[in-house]
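Notes for the one structure printed next.
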Amino acid sequence: MTEQSTKLALPVGVALDRFIKRKQEDFPYASGELSQLLRDIALAGKIINGEIRRSGLEGIEGPYGTDNVHGEKQQKLDVIANIRFQRALKNGGEVSAIISEEEDKVINLDCPNGKYIVAMDPLDGSSNIDVNVSIGTIFSIYRRESTIGTDVDDRDFMQKGRSQVAAGYILYGSSTMLVYTTGRGVNGFTYEPSLGEFFLSHPNIRMPESGNIYSVNEGYLDYFDQSDRDFIQDCRDKGFTARYIGSLVADFHRNLMKGGIYMYPSNKKSPEGKLRLLYECNALAFIAEQAGGAATDGFQPTLDIDPSSLHQRAPLYIGSKNLVESLLSFK
Ligand code: AHG
Ligand code: MN
Ligand code: MN
């Protein structure tokens, strides 16, 4: 094979490190910092993966005894995952600040020269941790807009999702997968525990344009608006199947692979919806669009929402393009 064709091939089985390096070669002036940052995230993911897999044996299941900024009970693994990611990103030096579901305020990482800022949900689906059901990690990477060398504040994070430089998730499921995009398609890597490495397993993921899965917590049906109830009824009338795990990453990943729509509408119990715009909705919206799917809050594409606070919530409808369009026709 010529050098050029080796570059283009990126075969299934290539290790994540090599994949990142080859992708970086596509950008002659890239400094390598984003590549290193992605490696840091993968490293934290490996550590957390090990802790999740052993959690039943190590006494790290159950509640930690504190509430987070949203008033939700923190699980021990929520707190551990939050620490692991902060450490990995701090040690890397590319990230000047993070926001996390588990932290009230912006955390400056004592790396003021870091070009990037990261929004993360260290562990998503925490109600599923103790019952051996799939959970995940979500991350969004932005370039910081304030002067390098100064402290980062909330304003740096008030960027639309469309400004994301990269985003991804790690799914701790029946296998562990890292799925990410840098705005040039979506690639998925499967973790091989005996080798301690992620390998490309799902190159250039495309979300089916349509599908027959709808994913929503139907226990809240009576609290939903009429338009959402009508859409759900339409899914039933069309003979769709219902699938809802209660871990956004896992529900999204299944629909990404098979085609479907996930929805967490605003409702009488949660007027703004439940999911957080900056570290849940935006990352998955970026991946959905990059894979040919769509994401909306019911009025505008999720990636075009102008954020006004760190922990703001947004309704989310995300999945196959035709299904999101169908949902919008009910609005
Ligand atoms: P987290 O554990 O990070 O707080 O997120 C849980 C989220 C999301 O993963 C899931 O889809 C949703 O909450 C489930 O909410 P309901 O239990 O209200 O359906
Ligand atoms: Mn979450
Ligand atoms: Mn979480």
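Data table
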read-out: For peptides 44-54, 171-181, 120-130, sequence by mean Cβ density within 10 Å, most packed first; value: 120-130, 171-181, 44-54
read-out: Interatomic Cα distance distribution for the stretch 213-329, bins of 5 angstrom, percent; value: 2, 13, 24, 27, 21, 10, 2, 0
read-out: Note, ³J(HN,Hα) from phi for the stretch 101-110, Karplus 6.51, -1.76, 1.60, rounded to Hz, x at Gly and Pro; value: 4, 8, 10, 5, 10, 4, 9, 7, 9, 6
read-out: C-alpha center-to-center spacing [the stretch 246-279, the stretch 120-170] in angstrom; value: 16
read-out: Residue pairs, from the table Lys21/Lys115; Lys23/Lys76; Lys76/Lys274; Lys105/Lys160; Lys46/Lys321; Lys73/Lys268, whose Cα atoms sit over 27 Å apart; value: Lys23/Lys76; Lys46/Lys321
read-out: The chain, accessible surface, carbon-and-sulfur percent (1.4 angstrom probe); value: 48
read-out: Protection proxy ranking of 220-226, 109-115, 323-329 - average other beta-carbon atoms within 10 Å, highest first; value: 323-329, 109-115, 220-226
read-out: Dipole magnitude of the stretch 22-101, debye to nearest 20 (Cβ charges: Lys/Arg +1, Asp/Glu -1, about Cα centre); value: 280
read-out: Given charges at beta-carbon only (K, R positive; D, E negative), |dipole| of the chain in Debye; value: 780
read-out: Other-chain or far-sequence residues with amide H under 5 Å of Phe198's (modelled H); value: Leu16, Glu192
read-out: Added length on full extension, which subtracts the Cα-Cα distance from 0.36 nm per residue, Leu221 to Ser194; value: 5.3 nm
read-out: Loop-resident sites, the stretch 29-97, for chymotrypsin sites (Phe, Trp or Tyr not before Pro), counting at most 13 other Cβ within 10 Å (DSSP); value: Tyr29
read-out: Electrostatic dipole magnitude of the stretch 213-329 [Cβ: Lys, Arg +1; Asp, Glu -1; Cα centre; debye, to 20]; value: 380
read-out: Cleavage-rule hits, chymotrypsin sites (Phe, Trp or Tyr not before Pro), the stretch 265-307, DSSP coil, Cβ neighbours within 10 Å at most 11; value: Phe299
read-out: Peptides 13-26, 243-256 ordered by average Cβ neighbours within 10 Å, highest first; value: 243-256, 13-26
read-out: Proximal aspartates and glutamates to Lys269, defined as alpha-carbon separation beneath 16 angstrom and excluding residues fewer than eight positions away on the same chain; value: Glu72, Glu218, Asp222, Asp225, Asp228
read-out: GluC sites (Glu not before Pro) restricted to DSSP loop in the stretch 166-266 with at most 15 other C-beta within 10 Å; value: Glu209
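The values are calculated or read from the model by the stated rules, or taken from the named source; none is laboratory data. Remember, it's a predicted structure, so these values are computed and weren't measured experimentally. Glycine gets a Cβ as well: all are built from the backbone with ideal geometry, and neighbour counts include every protein chain shown. Heads up: the accessible areas ignore ligands, DNA and RNA and are worked out on the full protein's heavy atoms, side chains in. Shrake-Rupley method; radii C 1.70, N 1.55, O 1.52, S 1.80 Å.
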